1. Within the stretch 74-85, is even one residue touching a residue at least 40 places away in the same chain (Cβ under 8 Å), assigned to a strand (DSSP E or B) and within 19 Å of T50 (Cβ to Cβ)?
2. In the stretch 87-95, is there at least one residue being assigned to a loop (DSSP other than H, G, I, E, B) and within 13 Å of K145 (Cβ to Cβ)?
3. Does A98 qualify as being surrounded by fewer than 17 Cβ atoms within 10 Å (Cβ to Cβ) and out of contact with any helix residue (DSSP H, G or I) (no Cβ under 7 Å at 6 or more places or on another chain)?
4. Taking the conditions exactly as written (closer than 19 Å to N103 by Cα, within 15 Å of the chain's Cα centre (by Cα), surrounded by 11 or more Cβ atoms within 10 Å (Cβ to Cβ) and not acidic (D, E)), does R37 satisfy them or not?
5. Taking into account only those residues within the stretch 121-147 that are of a type in the set (S, T, Y) and touching a Gly at 6+ places or on another chain (Cβ under 9 Å), which is surrounded by the most Cβ atoms within 10 Å (Cβ to Cβ)?
6. Does any residue in the stretch 45-64 that is within 18 Å of A90 (Cβ to Cβ) come within less than 6 Å, Cβ to Cβ, of a residue that is assigned to a helix (DSSP H, G or I) and modelled with pLDDT under 95 six or more places away or on a different chain, and which pairs are these?
Amino acid sequence: MSKKAFTLVELMIVITILGILSALVLPTFQGHIVMARETAVKDNLKVIRTQIELYKMHHDGVPPGYINGSEAPTALLALQFSATTSVTGAVSPSTLPAGVYVNGPYLKKLPVNSFNKLSTIAYVAQATAFSAAVDGTSSGWLYKKETGEFKINYTGTDSQGVAFSDY
């Protein structure tokens with residue numbers, strides 16, 4: 001009675017071939033993951049910047065980050081994006097426009113920075129360059145309320161050699 005089966009040598013050859021193929025293909029997939037993250041960040045920045053411009057139009061040219069002409073804490077800044085606001089920038093916890101809170105919401109929620117997985121925002125002083133404020137760990141995003149500029153908080157360069165702080 002003969003048994004049909006693979007020999008140990010045949011199995012080792014197949015496993016070696018599969019290992020070689022995976023070693024060739026894996027770097028290609030990893031490069032695509034990084035490019036997908038870069039694209040996600042660029043798309044998120046485009047949406048947020050568009051919503052900042054819309055916010056400014058609804059609030060007499062004043063960008064998010066101010067309530068009645070005074071600086072708003074970053075916790076309220078996030079609500080200015082995701083809740084309803086009055087013309088002066090005051091925030092209602094509701095997402096349904098009512099009473100004086102007729103503007104917004106501008107975003108359902110703040111997107112996550114696909115590189116450091118944070119969705120928080122940190123203010124950057126007007127005189128400070130974004131490249132000097134980037135640390136990659138304290139927040140997901142950086143924002144200059146005086147100018148309405150919004151950038152990613154991540155160090156390094158992308159696959160094309162462009163600094164993330166230049167996005």
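The values are calculated or read from the model by the stated rules, or taken from the named source; none is laboratory data. It should be emphasised that the depicted structure is a prediction, and the values quoted were computed from it without experimental measurement. Reconstructed Cβ throughout: ideal geometry from the backbone, glycine too, with neighbour counts over all protein chains shown.
1. Taking the stretch 74-85 first, the residues touching a residue at least 40 places away in the same chain (Cβ under 8 Å) are 74, 77-78.
Then keep just the ones that are assigned to a strand (DSSP E or B); that gives none.
Checked the stretch 74-85: no residue is touching a residue at least 40 places away in the same chain (Cβ under 8 Å), assigned to a strand (DSSP E or B) and within 19 Å of T50 (Cβ to Cβ).
2. Step one: filter the stretch 87-95 for residues assigned to a loop (DSSP other than H, G, I, E, B), giving 87-90, 93-95.
Next, only the ones that are within 13 Å of K145 (Cβ to Cβ) stay: 89.
Yes; the residues of the stretch 87-95 include at least one that is assigned to a loop (DSSP other than H, G, I, E, B) and within 13 Å of K145 (Cβ to Cβ).
3. Yes.
4. Spelling it out, it is not the case that R37 is closer than 19 Å to N103 by Cα, within 15 Å of the chain's Cα centre (by Cα), surrounded by 11 or more Cβ atoms within 10 Å (Cβ to Cβ) and not acidic (D, E).
5. Once the filter is applied, the top-ranked residue is Y143.
6. Here the result reads P64/L77, each pair linking the stretch 45-64 to a residue that is assigned to a helix (DSSP H, G or I) and modelled with pLDDT under 95.
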